[in-house]
Amino acid sequence: MNSFIKQLAITLLAVFANMTAVLADEQAKANVESIQSGYQIKIVMPGEESFEQPFEVDRSGRLQLPEVGAVPVAGMAEPEMAQAVTQALSLAYRDLSGLKVYVADKRIRIQVMGYVENPGEITMSADAGVQIALKLAGGMRAGAQLDRMQLRRPGEQYVFDYKRYLDSGDLTALPKLQSLDTIFVPASKNIGNIATIFDPTALNDKGDAAETRTAIKVFGEVFKPGSFSYRPTASLVDMLMRAGGVTRYAGVEQIRVIISGQPMLFNLTQYLDSGDVNLMPTLEPGTTIFVPKQQEEIKAGANTVYVMGEVFKPGAYEGNADAGFLDVLANAGGPTRFAETRQIRVIRPHGQIEAFDLLAYTEGMTSSLPSLSPGDAIFVPEKTDLNEKSWTKVAPSRAVQVMGEVNRPGRFEWSDEMSLMDLLAHAGGPKRNADTAKIQIVVPQGQGRTRTEEFNLNDFLAGDLTKQQLPQISAGTLVMVPELPDDPSDNKSQWVRQASDDSIYVFGQVGAPGRYRFDPAMHFLDILAAADGPTGNADISNVRISHRNGNTAKISKLDLSLYFETGDEHLLPKVVPGDSIYIPEKDRLWLAESKESTVRVLGAVGKPGRYRFNDDMTLLDLLAEAGGVNDNSYPEKITVVNLSCCRDQARSFDLLAFSQSGDFSMLPVLRAGDTVYVPSEKDSDWFKARQGLEDIFRVVSISALLGFI
């Protein structure tokens with residue numbers, strides 16, 4: 001018996017050990033995680049672009065692979081899945097040496113249905129729970145039943161209490177989700193069979209007001225119109241508050257009230273301003289209250305003021321005796337950014353119009369505001385656009401015209417605070433070729449007459465004029481900025497556009513002779529520089545200036561070469577508009593010079609003739625200018641004939657003796673009109689004696705020859 005028991009015990013131990021091994025093997029297999037629908041599988045295939053993105057396991061548990069098609073992988077362990085994918089790819093690809101297959105991301109597919117905001121299928125992390133699934137579905141709708149949620153799987157269904165989890169935070173109350181699970185959120189039985197969005201605070205008072213004839217009806221421009229239960233102690237303001245109050249568009253001055261079949265008007269604004277309880281109507285059961293829109297009513301009355309134009313809230317406004325101009329304008333929202341605040345108009349009931357400059361008032365230039373009376377209208381016009389092509393935007397009574405050489409000529413709105421400088425700046429300023437020294441200003445004088453005034457902008461810019469000396473501009477004034485020639489050589493083609501009184505004439509040997517615009521502040525050399533200066537043939541030592549601005553013409557001479565040698569500014573003449581400058585040519589005909597202004601050089605010189613002479617020159621300078629004495633000259637007997645006031649005088653000069661002594665006191669005095677004669681060697685006594693001896697020897701020689709014969 002003992003042996004039997006012992007054998008039975010050994011047999012039972014063996015069976016128990018075998019069962020334990022089987023259970024352990026089953027447990028090990030259970031612990032190996034299997035592939036589920038929604039997993040992201042990464043397949044590394046070098047050189048194949050179609051495998052760069054991960055592949056997702058679809059609802060059927062398959063991978064859709066390029067060139068291969070569907071490969072079932074759901075329920076497999078990761079090594080088995082890798083082997084199945086490798087085997088499938090080997091049918092289409094030869095080189096699989098670099099192939100790698102692994103799980104990139106563990107995600108599951110869950111369907112959330114029922115009373116949620118966004119029912120449908122979602123994909124989430126495999127370790128996420130029910131609360132994450134509900135959040136991804138947009139959350140539960142108001143009225144969802146939390147304690148009877150359902151989890152559905154193929155062939156299975158569980159009911160769990162989500163409210164228990166919310167109350168305790170116990171995660172064991174929530175089921176663990178698997179891929180392809182369905183969460184269903186039922187609706188509460190208490191919300192009825194009609195799906196609607198409702199606010200319990202917006203329900204009628206006690207819910208009985210719509211069913212009784214004693215209800216107070218409030219509608220129109222209130223936030224919560226409806227029927228409200230009648231309370232004997234409730235006032236009209238109480239009923240408006242129960243209706244949520246009036247909207248921003250409510251016409252609170254014209255509230256319609258029907259009490260016991262009698263219509264009446266209630267001015268809520270007047271009541272709030274005065275606080276007079278006698279203005280409040282006494283409500284009765286069945287009263288109707290209507291709050292109209294402000295735009296739908298035409299306001300009129302003893303206290304109405306109208307605001308129109310460029311304000312934020314134009315319309316009719318009820319005021320009181322204490323309301324001023326700024327009060328009404330502020331009540332209308334104030335001017336917009338397009339408003340022309342300098343040209344506000346107050347229109348009186350009888351047609352009178354009063355102008356008001358709001359900008360000047362804000363800058364302290366005026367201290368008075370227009371007074372308002374019932375029935376007055378405030379008009380705020382639109383600001384004039386500088387780019388507006390229509391000139392009718394600016395009335396002639398407040399416009400100024402700017403023409404000529406400015407960057408933006410046209411008609412501009414004028415204000416009395418502006419000056420000529422403001423106007424020119426508004427027009428973009430003068431152009432480069434504008435004649436700013438001769439700006440013409442035409443000012444209206446009334447009765448169709450005008451007055452023209454000339455203004456030199458250069459003097460103002462130089463500081464010679466003050467702002468008080470600027471021309472006075474008023475509405476209707478015309479400002480003309482003339483044009484200067486583009487360059488000096490262009491003067492001749494545009495001289496008709498230039499006044500003679502403003503011109504200087506330059507003639508003779510200059511680069512660009514012609515007519516030039518002249519500013520009295522300019523220098524004599526400025527005029528010559530504008531004419532491109534003297535040419536190479538110019539005789540700058542004999543410049544002539546004709547002064548034509550006086551009663552009679554006057555000629556002055558200028559030795560410009562002496563000025564360049566000495567730099568003496570007193571040598572330069574003063575020229576004014578209307579004068580003429582003439583620069584003669586070198587070596588002109590001697591007949592063009594008077595005998596009193598030249599010195600004659602005759603005899604044995606290189607270039608005998610007439611020469612200009614001044615007091616700084618000597619006989620040596622004159623002989624040098626005449627080319628010097630010839631080789632056959634007789635320099636010991638140079639004769640100088642002086643032209644004096646009484647009679648002519650002559651004296652001799654020995655150039656040879658002077659050259660040996662260097663005594664300058666031996667030089668004779670020369671004046672314009674004198675004559676210098678250099679005799680030749682034939683005129684000397686020695687030459688004549690030698691000529692006589694030659695004649696004697698010639699006669700004797702001839703006689704001797706005759707006698708010999």
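Modelling each spin label as a point 7 Å along the Cα-to-Cβ direction, I'd like the SER373/SER665 distance in nm, to one decimal.
Here the modelled spin labels are 11.0 nm apart.
Of the listed pairs LYS42/LYS100; LYS293/LYS313; LYS467/LYS574; LYS383/LYS431; LYS42/LYS135; LYS293/LYS383, which have alpha-carbon separations greater than 19 Å here?
From the list (LYS42/LYS100; LYS293/LYS313; LYS467/LYS574; LYS383/LYS431; LYS42/LYS135; LYS293/LYS383), the Cα-Cα distance tops 19 Å for LYS467/LYS574; LYS383/LYS431; LYS42/LYS135; LYS293/LYS383.
Whole angstrom only: what separates the Cα centroid of segment 62-118 from the Cα centroid of segment 243-322?
What the calculation gives is 74 Å, centre to centre.
What is the spread of the Cα atoms of segment 343-473 along each of their three principal axes, largest first, in whole Å?
Result for segment 343-473: principal-axis Cα extents of 56, 33, 31 Å.
Excluding ASP181 itself, what net charge comes from residues whose Cβ is under 9 Å from its Cβ, given Lys and Arg +1 and Asp and Glu -1?
Details: positive: ARG109, ARG152, ARG153; negative: none.
Residues near ASP181 contribute +3 overall.
Using alpha carbon centroids, what distance separates segment 648-673 and segment 144-185, in Å?
143 Å
Let me see the P(r) profile for segment 32-105: every Cα-Cα distance counted, bins of 10 Å, each bin given as a percent of all pairs.
It works out to 21, 60, 19, 0, in whole percents.
Where Lys and Arg each count +1 and Asp and Glu each count -1, what net charge lies around LYS557 among other residues with Cβ under 12 Å from its Cβ?
+1
For segment 200-296, take N as its residue count and report Rg(C-alpha) divided by 2.2 N^0.38 Å.
Segment 200-296 yields a ratio of 1.03.
Could you order peptides 35-46, 469-480 by the average number of other Cβ atoms within 10 Å of their residues, highest first?
On the way: 35-46: 19.2, 469-480: 15.8.
Going by the mean number of other Cβ atoms within 10 Å, highest first, we get 35-46, 469-480.
Could you sort the peptides 425-437, 455-467 by per-residue average Cβ neighbour count (10 Å cutoff), highest mean leading?
425-437, 455-467
Give the shape of segment 108-191 as rounded, prolate or oblate, defined through the alpha-carbon gyration tensor: a ≥ b ≥ c are the square roots of its eigenvalues, a/c under 1.5 means rounded, and otherwise the shape is prolate if a/b is larger than b/c and oblate if not.
Note, shape of segment 108-191 comes out rounded.
Using the eigenvalues of the Cα gyration tensor, what equivalent ellipsoid semi-axes result for segment 304-380 when each is taken as the square root of five times the eigenvalue, whole Å, largest first?
Gyration-tensor ellipsoid for segment 304-380: 17, 14, 12 Å.
In nanometres, what is the gap between the two model label sites at SER561 and LYS135, each 7 Å from Cα along Cα-to-Cβ?
10.6 nm
For every other residue with a beta carbon closer than 14 angstrom to the beta carbon of ALA427, add +1 if it is Lys or Arg and -1 if Asp or Glu, then tell me the sum.
Net charge in that neighbourhood comes out at 0.
Can you give me the relative contact order of segment 391-481 as a percent, contacts being Cα pairs under 8 Å and 6 or more apart?
After rounding, I find 38 percent.
Give the relative contact order (percent, whole number) for segment 32-105; include only Cα pairs under 8 Å separated by 6+ residues.
For segment 32-105, the relative contact order is 39 percent.
For segment 87-96, in order, what is each residue's ³J(HN,Hα) by Karplus, 6.51 cos²θ - 1.76 cosθ + 1.60 with θ = phi - 60°, in whole Hz (x at glycine and Pro)?
Ordered by residue, 3J(HN,Hα) equals 5, 5, 6, 5, 6, 10, 10, 7, 8, 10 Hz.
Among LEU643, LEU424, rank each residue by its count of other Cβ atoms within 10 Å, from fewest to most, as a rough exposure measure.
LEU643, LEU424
All of the numbers you see were taken from the coordinates with simple rules; none came from a lab. Predicted model only: the values in this text are computed from it and were never measured. Methodologically, a virtual Cβ is constructed for each residue, glycine included, from the backbone with ideal geometry; neighbour enumeration extends over all protein chains shown.
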